[in-house]
1. What do you reckon, is residue 94 at pLDDT 90 or above, touching a helix residue (DSSP H, G or I) at 6+ places or on another chain (Cβ under 6 Å) and over 18 Å from residue 218 (Cα atoms)?
2. Run down 65, 71 and say which single residue is within 20 Å of residue 136 (Cβ to Cβ) and free of Cβ contacts under 8 Å to residues at least 40 places away in the same chain.
3. Go through segment 124-156 and count every residue that is within 16 Å of residue 207 (Cβ to Cβ) and either under 13 Å from the mean Cα position of the chain (by Cα) or at pLDDT 90 or above (or both).
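The values are calculated or read from the model by the stated rules, or taken from the named source; none is laboratory data. Not measured: the values here are computed from a predicted model. With ideal geometry, Cβ positions are generated from the backbone for all residues, glycine too; neighbour counts draw on all protein chains shown.
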């Protein structure tokens, strides 16, 4: 019986074929092509998004849209190479607009769904569904930090104080009266808590400046690239 099992294992082992160098090369080339295609599509979506932001939004909101582009690019469950790039770009703008209440007529950068769809040449029903899909995949809700202004995020984020009191994060700057009314032990806890929140706020401001610098760099590179393309096209007429 043992000899029979041993022979059977040998037969099975002999049937296993090692991948050839050609097959390995084919797989690696396919992976490289997919990555290249993905990077190219991401750049195209970003260019479309920035085109809209230059016309309708400010640098801060543009930063949120670019961050959402990067977030989607890292998601394994979805592929930005599938579907039209205009639909992806419009849906990304739609998500940021919804998180920042830009559809409110009182907003400084008031938008309508028609404004977004007309710019990208898309349908409202398609963009609305895609935007909801993106929010679910990225787990984005009202007040999502990094995708809406700190004022909105702080007003919608609840914080529990050391004494058990739950308040909106935006009220932390108004806690001086709480510290004065507390005993020594509670005062120390509150001061440490507020110092931590102040540090987080300063870090958020630094990250915001870094994002703004990155946006300016990409806009400058885009303008430089377009200028080269225009100069190249004008050069053809001189021939």
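1. Judged against the criteria, residue 94 is a match.
2. 65
3. Adding up the residues that qualify gives 5.
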